[in-house]
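Have a look at the structure below, then the notes.
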Amino acid sequence: MRTLRELGHDAPDSDVPLPGNVNPVDRFQRAAYFGALPPRPADEQQAVAAVLAVTRNASVPFGAPYRSGRFATYNTEYRTVCDLAGRRYFLTSSNWPPARTCCGRNWTASTRPPARPS
């Protein structure tokens, strides 16, 4: 397998062609490419949004018909982000778009981020 550097995915720009299949190699290359693009986040919300944007781009679309053949795979049902410092866990589902947030030791789910623990 060629390295990301050989393919030009280590320095993203508009001239680098991206693979578009759902096989794991193509998905990894897209994640590596788009993972290098987001600017440094100003806050937790921007950080979570950036990580979820990259994971959505590398996800297999809901209802994708790739269940047989050489690259058999199922659609990505969940995407998660974990803020280890803030002890918060974010979950999105392909069939329920709003992000769910779990916080601290209680891990109670809500559709809006709860107040940060002090």
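The values are calculated or read from the model by the stated rules, or taken from the named source; none is laboratory data. In this text the structure is predicted, and so the values were computed from the model without any measurement. Surface areas here come from the heavy atoms of the whole protein model, side chains and all, with no ligands, DNA or RNA. Shrake-Rupley method; radii C 1.70, N 1.55, O 1.52, S 1.80 Å.
Multiplying the residue separation of N57 and D43 by 0.36 nm and subtracting their alpha-carbon distance yields 2.9 nm.
Once the chain from A31 to E77 is taken as fully extended at 0.36 nm per residue, the excess over their C-alpha distance is 14.9 nm. In the complete set of protein chains, residue-level accessible area for D26 is approximately 30 Å², probe 1.4 angstrom.
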